[in-house]
């Protein structure tokens, strides 16, 4: 029996299934079918429109959308529209492909007891399920969802419905892509993308968060996903994105639309010529979380594999500097694309980067000790680099604290001032701050004139001129920054504050009705600039709900 999916709202969300690029949305009485690809706008992904002359009443069960007299079933690279010939209401259903813009989609019609149209992607090297009955096609399709949903982590009853939805979100954001390997060959792998609406690729730091949720019921998939993300570009740099056409590791390879958006927003990112594109150094943090409960042999396997990659990555960051400070040379490398700290000149010295790096080298120090004990290797040179780097980063971070402002202040070339944004709060991530610094951050976190909201932390302080509650990183609440600040404040001894922030984070998803990309800080609804079915929001909600359930059980 196929699983019911009561949380799907096609008016404000989307319907899709694991390992498929087909995505369905609804506009009044029209079901719109897309086939999404990396960096292709949705208007260029249109496959078909299914229109009803009467109001649509749709039910999602498994991989099937049930309507009055028809159903749409999705299985991998195939989609079937099945209309019941005997149903009176079926006469009100029409299929329109005249405006299709998606590339490589074939349409066929199958004769039988029902009117059946089959859409398949020619990009699938071995098109499947063309010659089976509608009944068998639907059984196979629904089994994919049923098998995935059987893995849902169990949490407190008050959180279970949202965890069900979040687990579904992780599953349906799975696609298959051909990725490059270190030996210059390619391999087809399953990855979880941030969202099939707008983010059809493997983004490095999205993956770090996605893995944490996946690991609670599919640790093997989480480990494999992280292993793909830790792709060394050759000099220690990790790429921003791994996608179906290769990797994005330089600003010269950015899509034209991205460059245009940055220029229109006033960014000076194009004025310095090509620069490396990456994401914040959270690789060791995510890896350490994934391996901590593994059997010792498997734990040592992954440490041995990832240690040299992440040490090289730490060295790479320490060579991307302005003076002694590691820098963000491009807004995208921060993950906070349109944060106001990037409104001026580049590069920018930012406290969050120093804290992330300090945390990374501290973890790698502990790994070096483990490797020496388990394998007898001499890693004294690495350990010296990691120890010295950790101390240096901590001192540099301390230098950024401004007592008069009570904040860790980014350094923007040519500017004396800097806006108060989430990057200042993220200075807590590595721990080890002074009482004055910790108390200043706690005051900001709890102050409704700066960052506090019922749903967590705004990404720009409310009393800043650049605060815009509906625009990406200029005001809305993001789940990952809530999560990272909570962990940092926990590490800093503010356990109760961290607990409240985690509760607010879960409340955001519950208020909005699902894992949105980001949330309006005043009402908790999806912010205007946010996409839906967002994987890291889903993954971190799962992780927080599992953490909460374990704490209550203990």
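Table: residues versus (1) modelled with pLDDT of 90 or more; (2) closer than 26 Å to residue 545 by Cβ; (3) not assigned by TED's automatic domain parsing to the domain that holds residue 86.
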| residue | (1), (2), (3) |
| --- | --- |
| 105 | yes, no, no |
| 110 | no, no, no |
| 113 | no, no, no |
| 119 | yes, no, no |
| 130 | no, no, yes |
| 152 | yes, yes, yes |
| 176 | yes, no, yes |
| 179 | no, no, yes |
| 186 | no, no, yes |
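With respect to the conditions (1) loosely packed, with under 14 Cβ neighbours inside 10 Å; (2) without any contact (Cβ under 8 Å) to a residue 40 or more places away in the chain; (3) touching a helix residue (DSSP H, G or I) at 6+ places or on another chain (Cβ under 8 Å), residue 375 falls short on a single one, namely (2). When the range 527-552 is examined, which residues are found to be assigned to a loop (DSSP other than H, G, I, E, B) and either surrounded by fewer than 24 Cβ atoms within 10 Å (Cβ to Cβ) or at negative phi (or both)? Passing the criteria: 527, 528, 529, 530, 531, 532, 534.
Inspection of the range 157-177 finds no residue satisfying the criterion of being outside any helix (DSSP H, G or I) and under 19 Å from residue 306 (Cα atoms). A count restricted to the range 412-468 and to residues that are in a loop (DSSP other than H, G, I, E, B) and either more than 20 Å from residue 335 (Cβ to Cβ) or in contact (Cβ under 8 Å) with a residue 12 or more places away in the chain (or both) stands at 28. Those residues that are farther than 29 Å from residue 5 by Cβ and more than 22 Å from the chain's Cα centre (by Cα), I need them from the range 499-535; list them, please. Within the range 499-535, 499, 500, 522 qualify.
When the range 397-411 is examined, which residues are found to be surrounded by fewer than 23 Cβ atoms within 10 Å (Cβ to Cβ), touching a helix residue (DSSP H, G or I) at 6+ places or on another chain (Cβ under 6 Å) and part of a loop (DSSP other than H, G, I, E, B)? Scanning the range 397-411 gives 400, 406. Within the range 389-397, is there a residue that is assigned by TED's automatic domain parsing to the domain that holds residue 327 and over 19 Å from residue 326 (Cβ atoms)? For the range 389-397, residues assigned by TED's automatic domain parsing to the domain that holds residue 327 and over 19 Å from residue 326 (Cβ atoms): absent. Of the conditions (1) surrounded by 14 or more Cβ atoms within 10 Å (Cβ to Cβ); (2) under 30 Å from residue 254 (Cβ atoms), residue 115 fails just one. Which one is it? For residue 115, the exception is condition (2). Of the candidates 524, 513, the single residue that is at positive phi, touching a helix residue (DSSP H, G or I) at 6+ places or on another chain (Cβ under 6 Å) and in the same structural domain as residue 438 (by TED's automatic domain parsing) is 524. How about the range 82-102: which of its residues are part of a loop (DSSP other than H, G, I, E, B) and in contact (Cβ under 8 Å) with a residue 40 or more places away in the chain? Listed by number, the residues that qualify are 97, 99, 100, 101, 102. Applying the criterion of at least 2 residues that are farther than 29 Å from residue 350 by Cα, touching a residue at least 40 places away in the same chain (Cβ under 8 Å) and assigned by TED's automatic domain parsing to the domain that holds residue 358 to the helices (runs of 4 or more DSSP H) found wholly in the range 194-302 leaves 219-229.
The values are calculated or read from the model by the stated rules, or taken from the named source; none is laboratory data. Because the structure is predicted, anything quoted here is derived from the model rather than measured. Quick reminder, even Gly has a Cβ in these numbers, built from the backbone with ideal geometry, and neighbours come from all protein chains shown.
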